[in-house]
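The values are calculated or read from the model by the stated rules, or taken from the named source; none is laboratory data. What you see is a predicted model; the values in this text were computed from it and never measured. With ideal geometry, Cβ positions are generated from the backbone for all residues, glycine too; neighbour counts draw on all protein chains shown.
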Amino acid sequence: MKRILFALILVSSMALAQAQVPQQMNYQGIARNASGAPITYQDITVRLTLVDSAANGLSAYQETRRVKTNYVGLFNIIIGSPGANSVSGSIASTNWATGKKYIKLEIDPNGSSNFSLAGITQLQSVAYALSATPSGNASGDLTGLYPAPTIADRAISTNKIADGSVTISKLSDDVNSSISRKLNITDTAAMLAPYSGAANITSSLANKLNISDTAVMLAAYYLSSSATRDLSAKEDASNKSTDGTFTSNSDTKYPSEKATKTYVDAMASSGSGDLNAEIARATSAENILTTDLAT
């Protein structure tokens with residue numbers, strides 16, 4: 001086959017991003033023959049390879065697709081978009097933070113798979129890429145590689161939870177489901193609502209004796225004339241008598257136990273002489289009576 005020269009013109013822009021932005025790159029080139037004339041209005045097959053680290057490095061992503069050139073041999077491709085004949089690797093998994101990256105262009109002007117190398121070009125940063133979402137190794141509370149790092153071990157500390165950085169929306173579905181099954185203040189209020197003001201409970205509580213009821217009941221007797229009179233008639237320290245002779249002859253004083261014992265002992269001691277004389281007299285009389293009856 002006649003050798004054909006292809007000219008790689010331009011990688012016009014690069015739309016590499018994470019999240020909602022598609023993982024795609026805009027690519028533009030011109031196909032020329034060996035004489036340098038553009039190949040116009042022709043279906044060609046293009047194979048584009050994203051090469052990692054060096055021009056002869058490993059392939060990070062590769063796709064093959066058919067495109068049609070325009071009147072100057074120009075063709076446009078959105079690398080990573082739907083419509084490729086075959087795809088190998090992933091743009092999203094490419095680690096853009098390490099090493100250089102190259103685009104290798106291969107073309108078959110007959111639209112088949114007999115590719116010839118058209119050129120290898122190193123990718124350079126574009127304006128938006130300089131402030132794009134980070135890539136490469138994660139750090140801080142994250143570990144792994146962007147665009148899909150994970151939370152590092154022990155990164156969620158008590159302080160981070162206390163300052164409100166960890167909210168319900170950030171917890172997993174399993175955790176939220178577990179929390180939602182717990183009893184909370186609202187649930188308790190809802191459970192007790194049917195009993196709030198219920199007739200039987202209200203009536204039962206109304207019949208209970210409380211502190212204010214007791215105070216009202218005793219208020220009528222507190223220092224009343226009858227209570228004072230009754231208390232004055234009760235035995236207390238001021239109307240106790242320790243006089244063991246009972247000579248005061250009082251109607252209000254009450255003898256103490258010791259006073260009573262002292263009185264009884266004194267009476268028993270003072271009457272013992274008379275008792276002994278009476279006993280002697282009775283004994284003598286009995287003896288005389290016994291003698292008379294015997295004779």
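Filtering the range 179-186 for residues that are within 30 Å of residue 141 (Cα to Cα) and of a type outside the set (D, E, K, R) leaves a non-empty set. The strands (runs of 3 or more DSSP E) located wholly in the range 31-147 that include 3 or more residues which are free of Cβ contacts under 8 Å to residues at least 60 places away in the same chain and either at positive phi or loosely packed, with under 14 Cβ neighbours inside 10 Å (or both) occupy 86-89. Of all residues in the range 148-172, those satisfying the criterion of being in a loop (DSSP other than H, G, I, E, B) and not aliphatic (A, V, I, L, M) are 149, 153, 154, 157, 163, 164, 165, 167, 172. Considering only residues in the range 91-112 that are at pLDDT below 90 and not β-branched (Val, Ile, Thr), the one that is nearest to residue 44 (Cα to Cα) turns out to be 92.
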